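Peer 1: This is the structure I want to talk about, given as structure tokens.
The values are calculated or read from the model by the stated rules, or taken from the named source; none is laboratory data. Just so we're clear, the structure is a prediction, and the values are computed from it rather than from any experiment. With ideal geometry, Cβ positions are generated from the backbone for all residues, glycine too; neighbour counts draw on all protein chains shown.
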Amino acid sequence: MNRKLFITGAAGLTGAALTMGTELFAAPRKDKPILTLAHITDVHIRSGDNAPRRFRDCLNKIKGQKVDFFLNTGDSIHDASYDNVKREAVTEQWQIWDDCITEIKGYDIYSCLGNHDMWWAAPDKQDEMYGKDYVTKRLKIPNRYYSFTRSGWHFIVLDGNNSNISLDDEQFKWLEKDLEQTPANTPTLIMSHYPTFGATPILVGGNHSDHKKLKDLFYKHKDKVRASLSGHNHLYDKTFYNGVWYCCNGAMSGFWWGKGDKDSAGDGYYFETPPGYAILKLYRDGGFESVYYAHGF
């Protein structure tokens, strides 16, 4: 063991109020990443608790870290999913979201659908604001699940908002085909609102019920799949299994922009995770790094 590297890494962990996710034993890379990305999740934007200003301040802070684009794994608005939510509240929350992300005008944002984003209490299913189609329109994404390629990395965005938190049959067949058609050894990052694997589901649940099925598919394409990114649990977790980094990052909103409760380790924390975002570094050879930052707003 490189004692100097161990001490450096351990010292970084003492600054957990500022950063999390320091690698203790990973040798520093000399090559530059081909992509530097911001991962935001569970923004739960609303008018209360000065959330819009705090979110804007955080987005400006992220811009200073020279990212190429943003990945957003859902729950962009505070909530549209409960039975008592009215149209006016849904409209207001999406308008606040639109206003806030003008701070990053010019950056691409690739988003997932979160479970709190859909308005199921619309008067009927033909209402233009009902369900998933409206959310895909508001997030300006091509479909509820989709894929794209940037700088040699392939990205797959999933929709786990189906029976028992899973991929529907149509979507799973699409995923199989997408991975099959992706050229061999193409580094690939998977995104879903919900964790596909990891440690946090042991504590709070919330994971894909089809995680074994997904694990098997990822292993079949182990030359490609490098990372699986999620939110939902508002907890920081980085698990390495079968060559894949499973990163469930903490929420931008932390404890839903509130002070916390008896289990909160600090102001705004959900359990031991402060509100924040992650910076990802992706390398040409498939190398992947993720560091979680508490935003402090």
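Peer 1: When the residues of segment 110-150 are filtered to those that are touching an Asp or Glu at 6+ places or on another chain (Cβ under 8 Å) and among the hydroxyl-bearing types (Ser, Thr, Tyr), which remaining residue is nearest to Gln181 (Cα to Cα)?
Peer 2: Among those residues, the one meeting the criterion is Ser147.
Peer 1: Could you please find all residues in segment 124-144 being touching a strand residue (DSSP E or B) at 6+ places or on another chain (Cβ under 8 Å), in a loop (DSSP other than H, G, I, E, B), closer than 20 Å to Ile77 by Cβ and not basic (Lys, Arg)?
Peer 2: Met129, Ile141
Peer 1: Can you confirm whether segment 84-96 contains a residue that is outside any helix (DSSP H, G or I) and at pLDDT below 95?
Peer 2: yes
Peer 1: If you don't mind, there's one more thing I want to ask. Being hydroxyl-bearing (Ser, Thr, Tyr), surrounded by fewer than 24 Cβ atoms within 10 Å (Cβ to Cβ) and part of a strand (DSSP E or B), is that true of even one residue in segment 279-286?
Peer 2: No, every residue in segment 279-286 fails to be hydroxyl-bearing (Ser, Thr, Tyr), surrounded by fewer than 24 Cβ atoms within 10 Å (Cβ to Cβ) and part of a strand (DSSP E or B).
Peer 1: Something else: What number of residues within segment 159-185 satisfy the criterion of being among the polar types (S, T, N, Q), touching a strand residue (DSSP E or B) at 6+ places or on another chain (Cβ under 6 Å) and either free of Cβ contacts under 8 Å to residues at least 24 places away in the same chain or surrounded by fewer than 18 Cβ atoms within 10 Å (Cβ to Cβ) (or both)?
Peer 2: 0
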